[in-house]
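Novice: First, the structure itself, so that you have it in front of you.
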Amino acid sequence: MILSPLKIFPSAGHNNKDSGAVKNGYREADLTKEARNNIARRSKAEDLIMDEDWETNSQYQSRIKPGKGSVLLDIHFNSAASLASGTECYITATDFNNKNSLSYKMADEICKITAKVLRIPNRGVKSDNLSQHSRIGILHLGAGVSVLWEICFISNSKDMNSYQANKEELMKKVAEILKKYDERIL
Ligand SMILES: [Zn+2]
């Protein structure tokens, strides 16, 4: 494994062995793979390192070694039994406690653009120690910028209809944000 300091790491969050949430006729893994591929299509191939669909999250995480100059974005969809709606991003507690950290700033930008493009609530940037997992492993691999993005609620058909109608614009904007942060921390 070699250090990959200047790359963008967009990952699908789920894989062929792990569907993630299944609601409203959608499988989270299919949606996150599509979102990752959409971002990849809008980025320079040589800038990217991505997860393979057959890899488990732990296989992917042990294969990559993002350096300080790299940007990592792990993509998910939220799910709830209620009619919860909106977008949110998780970052490490350390990054959360420093509002000037690049992870905080990129997460804030991604939340704002998602809320605007999809016209859904901005649930904001959150610390991973407040997530259901207490510590999200992929945020702690050493990337200079690490964000987990919950695009919207797979369990909310209004969120999903807006996502399907606006995903091209959304992924274009997010690919631009990733590139901007990747260049910023060279
Ligand atoms: Zn997920």
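The values are calculated or read from the model by the stated rules, or taken from the named source; none is laboratory data. Since the model is a prediction, treat every value here as computed from it, not as a measurement. Every residue, glycine among them, receives a Cβ derived from its backbone with ideal geometry; neighbour counts consider all protein chains shown. Ligands, DNA and RNA are stripped out before the accessible areas are found, and what is left, the full protein with its side chains, is counted by its heavy atoms. Shrake-Rupley method; radii C 1.70, N 1.55, O 1.52, S 1.80 Å.
Novice: Tell me, what are the semi-axes, in whole angstrom and largest first, of the equivalent ellipsoid of the range 1-149 as set by the roots of 5 times the Cα gyration tensor eigenvalues?
Specialist: Numbers: eigenvalues 97, 76, 45 Å².
Calculated on Cα positions only, the semi-axes equal 22, 19, 15 Å.
Novice: Let me ask something else. Be a star and scan the range 148-170 for residues whose amide nitrogen sits under 16 Å from the point 7 Å along the Cα-to-Cβ vector of Glu34.
Specialist: Inside the label zone: 151-170.
Novice: Here's another thing I want to ask about it. With a cut-off of 8 Å between alpha carbons and a minimum separation of six or more residues, what is the relative contact order of the chain in percent? Could the numbers behind the result be given before it?
Specialist: Details: 394 pairs, mean separation 54.6, N = 186.
So the answer I get is 29 percent.
Novice: Using the Karplus equation 6.51 cos²θ - 1.76 cosθ + 1.60 (θ = phi - 60°), what ³J(HN,Hα) coupling, rounded to whole Hz, does each residue of the range 168-175 give in order, writing x for Gly and Pro?
Specialist: With the stated coefficients, the range 168-175 comes to 5, 5, 4, 5, 4, 5, 6, 4 Hz.
Novice: Find how many whole Å separate the alpha carbon centroid of the range 16-31 from the alpha carbon centroid of the range 122-186.
Specialist: Here the answer is 17 Å between Cα centres.
Novice: Right, next: Which value, in debye to the nearest 20, describes the size of the charge dipole of the chain about its Cα centre when Lys and Arg Cβ atoms bear +1, Asp and Glu Cβ atoms bear -1, and nothing else is charged? The partial results should precede the final answer.
Specialist: Values: 27 positive and 23 negative charges, 82 e Å.
Roughly 400 debye, rounded to the nearest 20.
Novice: Of the candidates Leu83, Leu48, Leu72, which one comes out as most mobile in a Gaussian network treatment of the chain with C-alpha springs shorter than 10 Å?
Specialist: Of Leu83, Leu48, Leu72, the most mobile in the Gaussian network model is Leu83.
Novice: Based on the alpha-carbon gyration tensor of the range 135-176 and its eigenvalue square roots a ≥ b ≥ c, which shape applies: rounded if a/c is under 1.5, prolate if not and a/b is larger than b/c, or oblate?
Specialist: Working: a/c = 5.97, a/b = 1.68, b/c = 3.56.
Oblate is the answer for the range 135-176, as a/c is 1.5 or above yet b/c matches or exceeds a/b.
Novice: Given a 1.4 angstrom probe, what's the average accessible area per residue across the chain, in square angstrom? Spell out each step's value before the answer.
Specialist: Numbers: 8600 Å² over 186 residues.
Solvent-accessible surface per residue comes out at 46 Å².
Novice: Next up: Given a 1.4 angstrom probe, I'd like the percentage of the accessible area of the chain that is carbon and sulfur, rounded to a whole number. Working shown, then result.
Specialist: Numbers: 4400 of 8600 Å².
Carbon and sulfur together cover 51 percent of it.
Novice: Can you pull out the trypsin sites (Lys or Arg not before Pro) in the range 75-118 whose DSSP state is coil and whose Cβ has at most 15 other Cβ atoms within 10 Å? Numbers along the way, then the final one.
Specialist: Details: sites: Lys99, Lys105, Lys112, Lys116; in loops: Lys99.
Listed in order of number, the matching sites are Lys99.
Novice: Right, another one. Please enumerate, by chain and number, the lysines with C-alpha under 27 Å from the C-alpha of Lys44, excluding those fewer than 8 residues away in the same chain.
Specialist: The qualifying lysines are Lys7, Lys33, Lys65, Lys68, Lys105, Lys112, Lys116, Lys167, Lys172, Lys173, Lys179, Lys180.
Novice: Relative contact order for the range 89-186 using alpha-carbon pairs under 8 Å, separation at least 6, rounded to a whole percent?
Specialist: Working: 115 pairs, mean separation 32.7, N = 98.
So the answer I get is 33 percent.
Novice: Here's something else I'd like to know. Based on the alpha-carbon gyration tensor of the range 69-186 and its eigenvalue square roots a ≥ b ≥ c, which shape applies: rounded if a/c is under 1.5, prolate if not and a/b is larger than b/c, or oblate? Please report the intermediate quantities before stating the final value.
Specialist: Values: a/c = 2.16, a/b = 1.33, b/c = 1.63.
Oblate is the answer for the range 69-186, as a/c is 1.5 or above yet b/c matches or exceeds a/b.
Novice: Of the listed peptides 33-42, 144-153, what is their order by residue-averaged count of other C-beta atoms within 10 Å, with the highest listed first? Walk me through the numbers on the way to the answer.
Specialist: Values: 33-42: 18.2, 144-153: 26.0.
So the order, starting with the most tightly packed, is 144-153, 33-42.
Novice: Now for a different question. Round to the nearest 10 and give me the degree value, 0 to 90, for the angle of helix 102-118's Cα axis relative to the longest principal axis of the chain.
Specialist: So the helix axis and the longest Cα principal axis differ by about 30 degrees.
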